[in-house]
Amino acid sequence: GAGADNDLYINQAIVFIEDAIQYRSINHRVDSKSLWLYRWYYSRTCQWILSLTITVILALAFIEEPSSLTVTSDVRYRLPAWNPPCGLTESLELLCFLVFVVDVSVKSYLIGWKEFWKNKWLMAYILTLIVSLTDWIVSLSFFCKENVRIRRILRPFFLLQNSSMMKKTLKSINSTLPEMASVVLLLAVHLSLFTMFAMLLFARTKDNQQDKEWVVYFRNLPDSLTSLLVLLTTANNPDVMIPAYSKNRAYSIFFILFTVLGNLFLMNLLTAIIYNQFRGYLLKSVQSSLFRRRLGIRAAFEVLSSLKETPASAQQSCVSIGALLQVLQKTEMDCRCKQAIMRSLKMCSCDQLSAAQFQKLFEELDKDAIKQHPPSPEYQSHFMQKMQFAFGHAYFGYLGNVVALANIISICVVLVMDADKQPSERDDFFLGAINCFFILYYLLEMLLKILAMGLKRYLSYPSNRFDGLLTVILLILEIATFAVYGFPHPGWRPEFMGLLSLWDMVRLVNMLIVFRFLRIIPNMKFMALVVTTLLDLVKNLRAFAGILVVVFYAFAITGIMLFKGAVVPLGNTRNSKAEFTGSCVHISLKKKVISWCFAHFQAEVIYCLLYVLSVYLICRWAKIYFVAWWLISSVIWVNLFVALLLENFIHKWDRRCQRESLSDIEYQRTVELMFRDVLEEPTEEELMEKLHQHPHLQLCR
């Protein structure tokens, strides 16, 4: 009946508006049961469970064999790690796989089977699950003793497919690859030419004592190419040139030319090309997001205009204010936006809204989120008013910065004086006394600011929360120090009592004091602008950070499978050469290299992949792994990140420099709002054409 149809239209409008708020696609089923399932799937609880599942399956690598649950990563000295029994991590994996199966099933059903066959990500999702479950069954059949686990390499895909922004980033990277390939080819030519020059310059001679450069770095073509490739990363600089330079100073010209051309020109040219090709990526992505928002709002208007209560005599489609209010009450959206839209509706003199008026109402979603600080308390006493004026003034904050600087200087003086003293010779009386004085001042400053501003206004400023939290922690540590060791006095020396010695307590207090000195940043205009811009960028670059995690994780797992067991510890080899079994690794501690890389997942991530410099120490086939890592992480990925960082920073810098400085208002911007002034609004024809192409929505006109 009419009532059931109206309820369906209301629910459709609610979902379309929520899609617009979250920049989601509206191409999904719109019948009553599907709408309920859709809202349940995108509820906070369901999405939180999915995020937790992804986190758990990625974290399994830290406890799976080889386990990372050890204090030290050095295989020579660490105790045997705890390895979970067979079936424990596999059970957790199975639970995660079941969640993913439900996830892909719901997604596939909601978009419809016709759309499913067009969606490559969903098909890859199902294929990944099939391979992972097959590998899981094989693992159990071998009682968890197999060395190769394909499903571990595939785990980052679950993180990747869950983020639409990460998918867009990958698509943009894929479109940038042809331009990057030309510069990488130029780098390869550069390396090849200088490799041939090096083999000619450092050829073997009759004097074996003068052939150190040839023996160590340029013995043959692969070694020569590897040595110069590592020099391009500056990892073996200046070690690679020392033997030749010792023989003849003129050889330094070769290495200087190679470094200048490779590092200063070609690598920076690569950055420029990537920036030029990639700088429009975010703008295109935000333009697409804006289109999705406008399309979702227009879809909501179209279904609401189909309600039976809409006047039949209306020449053009319109929506009643009552119906929109009913939709807004059930829609999950920011309270600020909802209240602003409702205020606009109450001020509206007409009962019906046209498409343009309806769209204009929801432009509130595009506006900056404004945080206004609570007012200061009003005191009746004339004395309290003077106190409020004095301690609420900016100069009182400047005085606090001067005191913090004096505290830092005093700590530096004491540290320089005690640098060469033995622990038994130190007298911590002076340092303890000045710490006590400054901490009392910080406490007094915090209380006076609360008196002047009021507690709510004081806590509304992030700098005050940071300042107050550190002050409270410092006060607690100081009270604990006095309770254990007494008040500072001459001859106040460290003793071990409980978990920390007196010196440890004093050092902890001083580290927090140094950290507290960051309070000066908000008082320095351009420094505050740079820092806040960078913090906003960090929050808005989660897609890039996610892909970075994917790359690290995949290479870490691959490295464990390729090089596990290649290093065998022979006990304490601190003062002697160490030779290790395996056909690949032959390492001498005298060469000052990074070893023990692939003992377990944590060491792999933290050390080995960052220190790809040790590429020249391993056999030839293994170099492919390290060179691939260097190309993806350093050459391509870092430059892409720099390009996006520059684009974001320039836009945010320009916007904030143009904005007037208002002390009581903070603007909270997102990436979508950052480019708001340069985006193009979609036309009426574009929106209606897209709506008529909706696979599940039949419009009345």
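The values are calculated or read from the model by the stated rules, or taken from the named source; none is laboratory data. Just so you know, these numbers come straight off a predicted model, no measurement behind them. Every residue, glycine as well, gets a Cβ built from its backbone with ideal geometry; the counts of neighbours run over all protein chains shown. Areas reflect the complete protein model, heavy atoms only, side chains present, ligands, DNA and RNA absent. Shrake-Rupley method; radii C 1.70, N 1.55, O 1.52, S 1.80 Å.
As a rough guide to protection, the peptides 246-256, 547-557 ranked by mean Cβ packing within 10 Å, highest first, stand as 547-557, 246-256.
Can you pull the percent of the stretch 172-285's accessible area that's carbon plus sulfur, 1.4 Å probe, other chains left in place? Intermediate results must be reported in sequence, preceding the final value.
Working: 4000 of 6230 Å².
Summing carbon and sulfur atoms, their accessible area is 64 percent of the total for the stretch 172-285.
Here, the stretch 1-115 is characterised by an Rg to Rh ratio of 1.23, where Rg is the alpha-carbon radius of gyration and Rh the Kirkwood radius.
Stokes-Einstein at 20 °C, 1.002 mPa s, Kirkwood radius from Cα pairs: D for the stretch 159-234 in µm² s⁻¹? Before the final figure, lay out the partial values.
Values: Rh = 15.2 Å.
Taking Rh from Cα pairs, D becomes 141 µm²/s.
Taking a 1.4 Å probe, which of LYS690, LYS386, LYS338 shows the most accessible area, and what order do the others take after it? If you can, show how the numbers build up before the last one.
Numbers: LYS690 85, LYS386 125, LYS338 45 Å².
Sorted descending by solvent-accessible area, the residues read LYS386, LYS690, LYS338.
Around the Cα centre of the stretch 172-285, unit charges on the Cβ atoms of Lys, Arg, Asp and Glu (plus for the first two, minus for the last two) sum to a dipole of about 80 debye. Dipole check for the stretch 43-162: with +1 at the C-beta of Lys and Arg, -1 at the C-beta of Asp and Glu, and the Cα centre as origin, the magnitude is about 320 Debye. The percentage of C-alpha pairs in the stretch 172-285 whose separation is greater than 25 Å is 33%.
Couplings for the stretch 295-300, taken from phi via the Karplus curve 6.51 cos²θ - 1.76 cosθ + 1.60 with θ = phi - 60°, read 5, x, 5, 5, 4, 4 Hz in order; Gly and Pro are left as x. Projecting the Cα atoms of SER91, LEU140, TYR109 onto the charge dipole of the stretch 68-155 (Cβ charges, centred on the Cα centre) puts TYR109 farthest toward the positive pole.
Rolling a 1.4 Å sphere over the protein heavy atoms, what is the accessible area per residue of the stretch 43-162, to the nearest Å²?
Details: 6570 Å² over 120 residues.
About 55 Å² of surface per residue is accessible.
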